[in-house]
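Data first, discussion second: the structure below is written as structure tokens.
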Amino acid sequence: MWSVEEILSATGGKIVRDGGARSFGEIFTDSKKVTKGAVFLALKGERLDGHAFLKGAVRRGAACLVIHSRQPREAPGGATVIQVRDTLRALGDLARYRRMKIAPKVLAITGSNGKTTTKEMVAAILERGSLRGRPLRGSILKTEGNFNNLVGLPLTLLRLKKRDRVAVVELGTSRPGEIARLSEIAAPDIGLVTSVAPAHLAGLSSLAGVAKEKGALYRGLKPDGIAVINLDDPWVRRLGGRFKGEKVTYGRDGDVRAESLEPLGPGGAEFTLRVGGGRRRVRLRLCGEHNLANSLAAAAMARGLGVGMDAMRLGLESMRAFPMRMAVERWGGVGVINDAYNANPASMKAALKALSHIKARGEKIAVLGDMLELGTAARRNHIELGRQAARFGIDRLYLLGAQAGQVKEGAVRGGMSEDRVVVGKSHRQMARMLEKRLRGGDWLLFKGSRGMKMETVLAAVKKSRA
């Protein structure tokens with residue numbers, strides 16, 4: 001429940017129409033989801049303006065409307081109308097108010113790669129752990145899906161309930177200032193930057209710009225907060241070094257590290273997790289060396305919270321691949337790594353490396369779409385992607401997108417035979433060409449930025465071979 005006074009205190013808004021009710025239910029930004037007695041907050045996006053749906057929200061039961069544009073003081077059904085300077089800002093302020101009222105421990109994760117997987121690993125560990133002698137199971141809130149931006153993070157925190165003792169949240173960014181604002185909203189107790197790599201360069205300009213933006217999480221920590229630092233990433237190590245408070249490090253020389261690694265190909269890896277003086281043998285069922293780094297990051301966050309090693313082991317061993325995130329499958333004698341959810345230069349390299357380490361009876365084939373949002377660095381990074389494919393010994397490349405020619409150029413420069421690089425014109429054409437080429441024992445990697453929808457090619461190939 002939200003009282004009128006709480007909404008006004010959190011947002012600094014003013015009542016422009018008093019409907020008489022003194023308390024309201026849940027806060028919604030989607031008018032179609034509004035329930036009786038709820039608050040509808042009208043956001044103005046690039047395509048839709050929530051102010052156009054005020055009447056519909058009231059018809060569905062909204063008892064309070066939060067607006068920032070000038071609207072008639074009369075509202076259908078007699079809803080209370082509260083006006084604020086900026087509804088997006090107000091949404092974040094309401095979320096921060098709730099976060100401070102419930103007062104869970106907040107663990108915040110940002111970085112160019114590995115945010116979602118690490119977040120899920122942390123949550124899995126905490127579900128099996130305890131805090132101050134009390135089990136945490138059932139008292140953890142986490143970011144769902146990709147709700148990690150200036151709308152998604154507040155909506156996540158607005159879901160906090162009194163029973164929630166920990167919130168594990170993901171912070172995403174595409175332009176300067178977003179991580180600082182997200183940190184202000186979440187007020188994290190423990191912060192992690194997984195990595196700094198070329199991503200969203202169209203908005204962040206350069207690698208230094210990415211580092212500055214990601215580093216805002218460390219700058220946003222309270223003096224008694226804890227920074228979790230990846231010592232294997234030079235940019236993160238530098239950013240973390242500026243934090244004056246408590247630190248937990250991970251990596252080759254970190255407080256949390258992996259020893260006695262035994263790679264298991266697409267089946268994952270076994271390793272000894274070392275945390276301080278403690279050790280546990282862990283079987284990780286996720287493909288790719290980068291998931292080992294994600295595991296260490298998650299264990300380091302859990303250490304910062306004071307969770308024990310048995311929970312770390314159980315949580316990590318419970319992990320399975322998420323759809324389109326290094327998900328391994330086999331059908332018709334062909335192996336597949338579906339990592340089509342998104343891509344940037346660092347994640348492309350990690351995926352190609354994972355493919356190269358597989359012991360295949362047939363060929364290793366990478367089906368790649370463009371990496372988007374790289375700005376002026378797009379050409380250079382796509383040429384380098386081709387070089388990496390050649391360097392990792394990938395047998396064939398199937399390429400789609402405006403930058404496919406640059407990837408091919410890089411691959412040929414790197415020593416790959418030109419007849420082993422195919423540039424397609426459409427998802428359907430790519431699928432047809434692949435279907436003619438595939439043989440039992442082959443391994444396929446599907447990867448590209450979200451806008452490229454490379455999973456469409458995989459679906460078409462599967463259908464044709466069904």
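Counting just the residues of the stretch 202-243 that are surrounded by fewer than 20 Cβ atoms within 10 Å (Cβ to Cβ) and hydroxyl-bearing (Ser, Thr, Tyr), which one comes out modelled with the lowest pLDDT?
Ser205
Of everything in the stretch 186-200, what is over 22 Å from His290 (Cα atoms) and surrounded by fewer than 24 Cβ atoms within 10 Å (Cβ to Cβ)? Give them in sequence order.
Within the stretch 186-200, Ala187, Asp189 meet the criteria.
Can you report the number of residues in the stretch 361-408 which are touching a residue at least 60 places away in the same chain (Cβ under 8 Å), closer than 21 Å to Gly451 by Cβ and either of a type in the set (S, T, N, Q) or in a strand (DSSP E or B) (or both)?
Looking only at that region, the number is 6.
I'd like to know if the stretch 114-135 contains one or more residues that are modelled with pLDDT under 95, more than 25 Å from Leu153 (Cβ to Cβ) and part of a helix (DSSP H, G or I).
Within the stretch 114-135, none of the residues are modelled with pLDDT under 95, more than 25 Å from Leu153 (Cβ to Cβ) and part of a helix (DSSP H, G or I).
Of all residues in the stretch 410-440, how many are of a type in the set (Ser, Thr, Tyr) and either farther than 22 Å from Lys462 by Cα or at pLDDT below 95 (or both)? Break it down stepwise before answering.
First, the residues of the stretch 410-440 that are of a type in the set (Ser, Thr, Tyr): 417, 426.
This time we only want the ones that are either farther than 22 Å from Lys462 by Cα or at pLDDT below 95 (or both), so: 417.
Selection size over the stretch 410-440: 1.
Residue-by-condition table, conditions (1) over 29 Å from Leu292 (Cβ atoms); (2) touching a Gly at 6+ places or on another chain (Cβ under 8 Å); (3) β-branched (Val, Ile, Thr); (4) assigned by TED's automatic domain parsing to the domain that holds Val210:
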site: Thr110; (1), (2), (3), (4): no, yes, yes, yes
site: Asn113; (1), (2), (3), (4): no, no, no, yes
site: Thr117; (1), (2), (3), (4): no, no, yes, yes
site: Leu126; (1), (2), (3), (4): no, yes, no, yes
site: Ser139; (1), (2), (3), (4): no, no, no, yes
site: Lys142; (1), (2), (3), (4): no, no, no, yes
site: Pro154; (1), (2), (3), (4): yes, yes, no, yes
site: Glu170; (1), (2), (3), (4): no, no, no, yes
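With respect to Ala378, is the statement that it is of a type in the set (A, V, I, L, M, F, W, C), under 25 Å from Thr194 (Cβ atoms) and more than 21 Å from the chain's Cα centre (by Cα) true?
Values: of a type in the set (A, V, I, L, M, F, W, C): yes; under 25 Å from Thr194 (Cβ atoms): yes; more than 21 Å from the chain's Cα centre (by Cα): yes.
Here the answer is yes, as Ala378 does meet what is asked.
For the stretch 323-345, name all the residues that are assigned to a loop (DSSP other than H, G, I, E, B) and either in the same structural domain as Leu286 (by TED's automatic domain parsing) or under 22 Å from the mean Cα position of the chain (by Cα) (or both). Quick ask: steps written out before the conclusion?
So in the stretch 323-345, the residues assigned to a loop (DSSP other than H, G, I, E, B) come out as 323-324, 326, 332-333, 340-344.
If the condition is that a residue be assigned to a loop (DSSP other than H, G, I, E, B) and either in the same structural domain as Leu286 (by TED's automatic domain parsing) or under 22 Å from the mean Cα position of the chain (by Cα) (or both), then Pro323, Met324, Met326, Ala340, Tyr341, Asn342, Ala343, Asn344 are the ones that fit.
Out of Val81, Val66, which single residue is among the hydrophobic types (A, V, I, L, M, F, W, C), surrounded by fewer than 24 Cβ atoms within 10 Å (Cβ to Cβ), over 28 Å from Met371 (Cα atoms) and in the same structural domain as Leu41 (by TED's automatic domain parsing)? It would help to see each step written out before you state the result.
Details: Val66 fails: surrounded by fewer than 24 Cβ atoms within 10 Å (Cβ to Cβ).
Only one candidate passes the filter, namely Val81.
Could you give every pair whose Cβ atoms fall below 8 Å, whose first residue belongs to the stretch 78-99 and is touching a residue at least 40 places away in the same chain (Cβ under 8 Å), and whose second residue is of a type in the set (Lys, Arg) and surrounded by 21 or more Cβ atoms within 10 Å (Cβ to Cβ), counting only separations of at least 6 or pairs across chains?
So the pair list comes out empty.
Of all residues being within 29 Å of the chain's Cα centre (by Cα) and surrounded by fewer than 22 Cβ atoms within 10 Å (Cβ to Cβ) in the stretch 395-404, which is farthest from Lys353 (Cα to Cα)? Just the residue, please. Walk me through how you get there before you give the answer.
Of all residues in the stretch 395-404, those within 29 Å of the chain's Cα centre (by Cα) come to 397-404.
Then keep just the ones that are surrounded by fewer than 22 Cβ atoms within 10 Å (Cβ to Cβ); that gives 401-402.
Details: Gly401: 22, Ala402: 24 Å.
The qualifying residue farthest from Lys353 (Cα to Cα) is Ala402.
The values are calculated or read from the model by the stated rules, or taken from the named source; none is laboratory data. Note that this is a predicted model, so its numbers are computed, not measured. No Cβ is skipped: glycine too gets one built from the backbone with ideal geometry, and neighbour counts run over all protein chains shown.
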